[in-house]
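Below you'll find the structure, written out as structure tokens, and then a few comments.
Nothing in this text is a laboratory measurement; each read-out follows from the coordinates by a stated rule. Bear in mind the structure is a predicted one, so any value in this text is a computation, not a measurement. Cβ atoms come from the backbone with ideal geometry, glycine included; neighbour counts cover every protein chain shown.
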Amino acid sequence: MSSTEIFKADRSTVINPNGAPVTLPMRISPVAKEGLVSAGLEMVIGIDPDLEKSGIAIVTDGKLTALGTMGFFELTEYILEHKHVAHFVVEDVEHDKTTYHRPGANQAAMRKIAQNVGQVKAIGRLLGVYLNGCDAQFTLIKPLKGHAKKAKNDANFFNQLTGWQGKSNQDKRDAALLALSYTGSIKL
């Protein structure tokens, strides 16, 4: 079953592994939902929380099939529509309790960094509360480190590791690495 058969389009345009635009579905059709379940396909949706737009990755049967971003309210609608066919993997942004000093950053820069981190933590917490409240299956995963951090920051390395061919940014790559590591498709 192709992603065009699975998804009935709406608002969020993303790029598929071949670099072609795809539209992330806001609503999954009943036929597509039944098709996913009867075909035994496993859908995992990785989420890298962010205040403006969270990174989203869709992994179907262990393969990265789409990357994108969504604002908070759009994402909550998306979760509600997919909670019966997907497992959500969310970066546990509250895992690290401290904002560490960045070399070369003055006090004003550190205050701004701390404020940005606080905003991301708030969105992460709200997503957790929402996922729990709507009875979605989800897992919180601590922030990536080491080898995975390199893949998050280096698009070429990410492409080699995952087979992805399209464009991406750090938020999308982080969401993909979370979902792929959860499925065991890549070892980080």
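From the cross-link list K121/K142; K63/K150; K150/K187; K142/K172; K149/K187; K152/K187, which pairs have alpha carbons spaced over 18 Å apart? As for pairs spanning more than 18 Å Cα to Cα, those are K63/K150. Using Cα centres only, tell me the gap between the range 45-87 and the range 132-188 in whole Å. For the range 45-87 versus the range 132-188, the Cα centre distance is 12 Å. Here the label points at K145 and Q119, each 7 Å from Cα along the C-beta direction, are separated by 2.7 nm in the simple model. Counting charges near K53 (Lys, Arg +1; Asp, Glu -1) among other residues having Cβ under 11 Å from its Cβ returns a value of -4. Inter-label distance, Q160 to E77: 4.0 nm, where each label sits 7 Å from its Cα along the C-beta direction.
Here V129, V59 are placed in order of increasing Cβ neighbour count within 10 Å, fewest first, which gives V129, V59. Computed over neighbours whose Cβ is under 13 Å from that of N156, the net charge equals +3, Lys and Arg +1, Asp and Glu -1.
Modelled label positions at H95 and Q137, each set 7 Å beyond Cα in the direction of Cβ, lie 2.1 nm from each other. Peptide packing for 48-57, 61-70, 137-146, 174-183 was compared via the average number of neighbouring C-beta atoms within 10 Å per residue; ordered from the highest value, the list is 174-183, 48-57, 61-70, 137-146.
Database remark: amide H of A66 closer than 5 angstrom to the amide H of I58 (H placed geometrically; neighbours at sequence offset of 5 or more, or on other chains; Pro and chain starts carry no H).
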